[in-house]
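So the structure is just underneath, and the comments pick up after that.
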Amino acid sequence: MVIKTAAFVCSNTQVSALPPPILPEYAFIGRSNVGKSSLINMLVNQHGLAKTSQRPGKTQLINHFLINEAWYIVDLPGYGYARVSKTSREKWEKFIRAYITKRESLQCVFVLIDSRLEPQQIDIEFCYWLGERQIPFSLIFTKADKQGMTTTQKNVAGFKRKLGEFFEEIPATFITSAEKAIGKDEVLNFIYEVNKDFVVPTDYKRF
């Protein structure tokens, strides 16, 4: 897939205010500082589309980006960052859950995992939560350029083993680097193939 256009559309905290669910969309989520904004920018060839920050937890909204005027990338707030108020964290979690479970046009949740780390319980639990609700998701291991491939493969294999304790089949897995554009074609080709089967909802509800 060739990315010709990528544009910011809107930011929201309410699922009811999102664009009509008539185009396929792909949500990106992960622990804070996993490199989500950098990955999105790499995929769409725009350095500043998704705003990067040195301050974890900066993304606090559901951000929609229209790609090729045909599908959406959805940038969701990171999870697992403790230096915010309990009230704010609960608010984020509530609208993230509402979006993921109610959005008819959501085709896949890309769960971003830091490839430098051994399996983290918070990531495992989030994948379990998606699985329990039968939400389609894939794994994107980020920052693969930060260590040798042996370490990356070891951590990826460890994460898959953990998922294997719950899932009969491991979801699609991608290894990426925003700096070196590793995995770009694989992720975009996956989206391209899924888009082929998208059907516009005929009687979608406004939440």
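Couple of notes before you dig in:
- Over all orientations, region 1-45 has a Cα convex hull whose mean projected area works out to 4.2 square nanometres.
- Recomputing Kirkwood radius over Cα pairs in Å from the coordinates shown identifies the correct label among (1) 17.4; (2) 18.1; (3) 19.0 as (1).
- Accessible surface, the chain, averaged per residue in Å² (probe 1.4 Å): 52
- Peptides ranked, highest mean first, by Cβ atoms within 10 Å: ranges 24-33, 189-198: 24-33, 189-198
- Checked against a 26 Å cut-off, the cross-linked pairs 154/196; 51/160; 102/143; 102/184; 36/180; 4/160 give Cα-Cα distances beyond that limit for 154/196; 51/160; 102/143; 102/184; 4/160.
- Listed values for region 21-31 are Karplus-derived 3J(HN,Hα) couplings in whole Hz (6.51 cos²θ - 1.76 cosθ + 1.60, θ = phi - 60°), namely x, 10, 10, x, 9, 10, 8, 10, 8, x, 5, and x replaces Gly and Pro.
- Binning the alpha carbon pair distances of region 102-164 at 10 angstrom intervals from zero yields the distribution 21, 49, 24, 6, expressed in whole percent.
- Coordinate range of the alpha-carbon atoms in region 147-207 per principal axis, descending: 48, 32, 22 Å.
- When each of the peptides 96-108, 147-159 is scored by how many other beta carbons lie within 10 Å of its residues on average, the order from highest to lowest is 96-108, 147-159.
- FRET efficiency, residue 7 to residue 198 (Cβ-Cβ, R0 22 Å, nearest 0.05): 0.65
- Rolling a 1.4 angstrom probe over the chain with all protein chains present gives an accessible area of which 49% lies on carbon and sulfur atoms.
- Sorting 145, 75 by solvent-accessible area of protein heavy atoms yields 145, 75, largest first, with a 1.4 Å probe.
- Modelled spin-label separation between residue 118 and residue 60, with each label point placed 7 Å from Cα along the Cα-to-Cβ direction: 3.5 nm.
- Residue 179 versus residue 167: modelled label distance in nm, points set 7 Å from Cα along the beta carbon direction: 2.8
- Pairwise FRET efficiency - residue 145 versus residue 189, Cβ, R0 = 30 Å, nearest 0.05: 0.90
- DSSP beta bridges fully contained in the chain are about 40 percent antiparallel.
- Distant-in-sequence amide H partners of residue 141 (H built 1.01 Å from N, under 5 Å): 113, 174, 175, 176
- Rounded to the nearest Hz, the phi-derived 3J(HN,Hα) couplings of region 113-121 under the Karplus curve 6.51 cos²θ - 1.76 cosθ + 1.60 (θ = phi - 60°) are 10, 6, 5, 7, 10, 5, x, 9, 4, where x marks glycine and proline.
- With K and R counted +1 and D and E -1, the other residues having a Cβ less than 13 Å from that of residue 193 yield a net charge of -2.
- Taken one residue at a time, the phi angles of region 37-46 give Karplus couplings (6.51, -1.76, 1.60, θ = phi - 60°) of 4, 4, 5, 4, 4, 5, 4, 9, 6, 10 Hz. Gly and Pro are set to x.
- Proximity of backbone amide H atoms, modeled 1.01 Å from N, is registered between residue 51 and no other residue at under 5 Å, excluding neighbours fewer than 5 places apart on the same chain.
- Of the residues 106, 200, 1, the one whose Cα sits farthest towards the positive end of the charge dipole of the chain is 106 (charges of +1 on Lys and Arg Cβ, -1 on Asp and Glu Cβ, taken about the Cα centre).
The values are calculated or read from the model by the stated rules, or taken from the named source; none is laboratory data. Note that the coordinates shown come from a computational prediction; the quantities given were computed from them, not determined experimentally. We place every Cβ from the backbone using ideal geometry, glycine too, and count neighbours over all the protein chains shown. Accessible surface is based on the protein model in full, side chains and every heavy atom, while ligands, DNA and RNA are left aside. Shrake-Rupley method; radii C 1.70, N 1.55, O 1.52, S 1.80 Å.
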